[in-house]
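Asker: Mind looking over this structure? Questions follow.
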Amino acid sequence: MSTSGAAALASIPFAEGKDYTRADIARTVGGPVQPGISTPKRFPFVLIFTGGRGKKFGYKDRWTSEGTFVYTGQGKRGEMTYRLGNKAIADTPRSGKGILLFHTQTGRVQRYFGRLRLLRTWTEQLPDESGSLRRAILFELAPISTSAAPATVGPLDRVRHLAELKRRAREGASHAPARKTRESVDFERSPAIVTYARARAGGTCEACGAVAPFVDSSGDPFLICHHIQSLSDEGPDDPEAVGAICPNCHYHIHYGRDGVGINARLGEVVRKKEQSERPVGSSGTETGS
């Protein structure tokens, strides 16, 4: 069964951004109330839970600068293996199950983030709960947008839709510099900004104007969200500082001889788009001409 199978057809009984206890979740879909990975038998999704407490077990969950989520597999001590919850995640492309992400808030409260899909899996040497290095399994997951504007909406509906996505993106924006330590730098991008930038692009690369090269497994045009000023250079995580671009332009900017110039032109395109965006009045009508 493909990823467009049972998981795509099943309704998800959780609302994005809403809080639930583990007991609430278990009553709704079944499954245990303790593990960080839950695999309810009659629910075509794997549930994963992340939170700050995992750090003491050597877990390295994080959002990347590309808007994907890196999730550390199950296992507090010793080598991690592809069994139980880890196997369930790794098997999702074959099983057709989806992945639902919950962020631990306080105590037993879990906030539902949304649905993700598996991009890749690999292993790293990370400490376990005793501090001993062991093989740890990591999964890179991509959010599946549930907020993309339908292709059939009219111009005014699209303006309203983008305005709502931009509001959410601004709520999640950060102008604080990346958190740096002696050993590493953590770069975290707001998922709302990723969703907004891709919606603003409308399936077309904001750097070169080409149509996205393919449609991803969730049915969305594949564009990479790129910080015009890198987070590692203390660039802002703000919707006006992010462009949605094709893979070719992404690598051209990072590795091409004229990458700096392409990046500058992308910045100008995004700036003009943001300045020319038609606001929507409180009465529901467009303002201006």
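Asker: Name the residue that is nearest to the chain's Cα centre (by Cα), counting only residues in the stretch 14-30 that are outside any loop (DSSP other than H, G, I, E, B) and in contact (Cβ under 8 Å) with a residue 60 or more places away in the chain.
Answerer: So in the stretch 14-30, the residues outside any loop (DSSP other than H, G, I, E, B) come out as 19-29.
Next, only the ones that are in contact (Cβ under 8 Å) with a residue 60 or more places away in the chain stay: 19-23, 25.
Numbers: 19: 19, 20: 20, 21: 23, 22: 22, 23: 26, 25: 22 Å.
Out of the qualifying residues, it is 19.
Asker: Just the residues that are within 19 Å of residue 107 (Cβ to Cβ) and not β-branched (Val, Ile, Thr), please, taken from the stretch 15-30.
Answerer: Residues satisfying the conditions are 17, 18, 19, 20, 22, 23, 24, 26, 27.
Asker: Right, another one. List the helices (runs of 4 or more DSSP H) that sit entirely inside the stretch 186-289 and contain at least 3 residues that are under 21 Å from residue 62 (Cβ atoms) and modelled with pLDDT under 90.
Answerer: Values: elements: 191-201, 247-255, 259-276.
Passing ranges, in order: 191-201.
Asker: Also, I was wondering about something else. Among the numbered conditions (1) buried (at least 20 other Cβ atoms within 10 Å of the Cβ); (2) touching a Gly at 6+ places or on another chain (Cβ under 9 Å); (3) over 29 Å from residue 227 (Cβ atoms), tell me where residue 88 comes up short.
Answerer: The number of the failed condition is (2).
Asker: Before we move on, is residue 33 of a type in the set (A, V, I, L, M), touching a residue at least 24 places away in the same chain (Cβ under 8 Å) and within 18 Å of residue 19 (Cα to Cα)? Walk me through it before giving the result.
Answerer: Values: of a type in the set (A, V, I, L, M): yes; touching a residue at least 24 places away in the same chain (Cβ under 8 Å): no; within 18 Å of residue 19 (Cα to Cα): yes.
It is false that residue 33 is of a type in the set (A, V, I, L, M), touching a residue at least 24 places away in the same chain (Cβ under 8 Å) and within 18 Å of residue 19 (Cα to Cα).
Asker: Can you pull out every residue in the stretch 92-117 that is assigned to a loop (DSSP other than H, G, I, E, B) and surrounded by 15 or more Cβ atoms within 10 Å (Cβ to Cβ)?
Answerer: Applying the first criterion (assigned to a loop (DSSP other than H, G, I, E, B)) to the stretch 92-117 yields 96-97, 105-108.
Matches in the stretch 92-117: 96, 97.
Asker: Let me ask something else. For the stretch 31-57, what are the residues that are at pLDDT below 85 and under 22 Å from the mean Cα position of the chain (by Cα)?
Answerer: 36, 51, 52, 53, 54, 55
Asker: So is residue 114 out of contact with any Pro (no Cβ under 9 Å at 6 or more places or on another chain), of a type outside the set (Lys, Arg) and at positive phi or not? Give the steps one after another, and end with the answer.
Answerer: Details: out of contact with any Pro (no Cβ under 9 Å at 6 or more places or on another chain): no; of a type outside the set (Lys, Arg): yes; at positive phi: yes.
So residue 114 does not fit the description; no.
The values are calculated or read from the model by the stated rules, or taken from the named source; none is laboratory data. What you see is a predicted model, and the numbers here were worked out from it, not measured in a lab. As a convention, Cβ positions derive from the backbone with ideal geometry for all residues, glycine included, and neighbour counts pool all protein chains shown.
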